[in-house]
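Please read the structure below before turning to the comments.
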Amino acid sequence: MLFIAIGAPLRAETDFFGLPVTPKPATPKRPLPATPPPVVRPPEGVAQTSKPDPIVGEWRWFDDQNVKFFADGRANSEKTGNPTWTVTVGKNLTREYRIRWKDGAFADVLTLSPDGAKLDGTNDTGTHVWATRIAAASSPPAPSATPLPIPALLRLATPVPALKGKFHVSAADSASIYVNGAKVLDVGYKPGRSGEMELKVGDHVVAHMKVEGFGRKFEMLFAASDGTKVVSFRAIDFKIAPGPEIVDFTPAEFSKMARTPKVERRKSDLSIKSYSDNLWGDADECAIACTIASKMISQQPK
């Protein structure tokens, strides 16, 4: 018979019947959840992103009007009301803009230059259109939210070799062409061509133009001797030189030239096809300058 003293305290290592037991480990307490940090929100009326697209600002259009682009896709022009714009990332990682005029009645598709200072492209009918920046937005452009494709990032530009060929020029009344300071061609009222020579990316080209009567006209191209390639000279490629006596320039001098020539609506009378413009500078006697770039070189149009 087992006798248990009533009221006697039980020891922790025995149960009610006095048998030994193994004590259970204490259950650890769960830590209280940390207080989440406060959510910081921008004040009412303040946009989440303050960096505008590169097109935002004021531009001088090729038809002598100022167009101002706003960050919300709207724009305001002096001649064509309130156009709208959209942007996509195009070939070679360039930004391509579609500008819709007169409630979408017609549109321009333009590419932004690497320095953000020029827009260049065509309209619905294939006509060359362009614009030059007048004033930029006060803050830098926002980075693209869409990651760029890796193959495009790894694509290397193929160096363009020097072209062997001739300049072909039509002018009214006369023009002289200089390459890196050396005169290569004089033309009168009739189209003319230079002797065979080499032209390469980075060369400086200056054209002196003079008219004594009516009808300003100047068109120039460089055609490769093998007939495969052509260098086209468009108004957007040139800058108006500060004086007609200039025959060459430094990069610093070129950067200070702000104005571009105007396109003259004339039919080409050169025998070789190109994408060149008929153009003129700012006076009856003037000079325009450009640096040969790879974008000016293309297959010769048929």
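The values are calculated or read from the model by the stated rules, or taken from the named source; none is laboratory data. For clarity, every value in this text was computed on a predicted model and none was experimentally measured. Please note: Cβ atoms are built from the backbone with ideal geometry, for glycine as well, and neighbour counts cover all protein chains shown.
Worth a mention:
Yes/no per residue for (1) within 27 Å of the chain's Cα centre (by Cα); (2) outside the structural domain of K190 (by TED's automatic domain parsing); (3) modelled with pLDDT of 90 or more:
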{"residue": "G215", "(1), (2), (3)": "no, no, no"}
{"residue": "A224", "(1), (2), (3)": "no, no, yes"}
{"residue": "V230", "(1), (2), (3)": "yes, no, yes"}
{"residue": "R234", "(1), (2), (3)": "yes, no, yes"}
{"residue": "K239", "(1), (2), (3)": "yes, no, yes"}
{"residue": "V247", "(1), (2), (3)": "no, no, yes"}
{"residue": "T250", "(1), (2), (3)": "yes, no, yes"}
{"residue": "E253", "(1), (2), (3)": "yes, no, yes"}
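- Residue that is modelled with the highest pLDDT, among those in the range 112-147 that are polar (S, T, N, Q) and in a strand (DSSP E or B): T132
- Those strands (runs of 3 or more DSSP E) of the range 11-111 in which 2 or more residues are aromatic (F, W, Y) and either at pLDDT 70 or above or farther than 30 Å from T260 by Cα (or both) occupy 57-61, 95-101.
- Test: L270 is aliphatic (A, V, I, L, M) and closer than 20 Å to K183 by Cα: no
- From S274, S255, residue being surrounded by fewer than 20 Cβ atoms within 10 Å (Cβ to Cβ), of a type in the set (S, T, Y) and closer than 25 Å to T132 by Cβ: S255
So that you can scan it fast, the table gives a plain yes or no per residue for (1) touching a Lys or Arg at 6+ places or on another chain (Cβ under 7 Å); (2) modelled with pLDDT under 85; (3) outside the structural domain of S294 (by TED's automatic domain parsing); (4) assigned to a loop (DSSP other than H, G, I, E, B):
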site	(1), (2), (3), (4)
L153	no, yes, yes, no
A157	no, yes, yes, yes
A175	no, no, no, no
Y178	no, no, no, no
L185	no, no, no, no
K190	no, no, no, yes
E198	yes, no, no, no
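- Extreme residue, farthest from the chain's Cα centre (by Cα), among residues of the range 264-292 that are more than 10 Å from E219 (Cα to Cα) and part of a strand (DSSP E or B): E285
- Those residues of the range 159-181 which are within 13 Å of H208 (Cβ to Cβ) and not hydroxyl-bearing (S, T, Y), in sequence order: V169, A171, D173, A175, I177, V179, G181
- Index of the failed condition, A258 passing every other in (1) among the aliphatic types (A, V, I, L, M); (2) in a strand (DSSP E or B); (3) farther than 15 Å from S276 by Cβ: (2)
- Yes/no for S194 being over 23 Å from K118 (Cα atoms), among the hydroxyl-bearing types (S, T, Y) and at pLDDT below 90: no
- Taken as a whole, the range 216-230 holds at least one residue that is assigned to a loop (DSSP other than H, G, I, E, B), within 18 Å of V263 (Cβ to Cβ) and not aromatic (F, W, Y).
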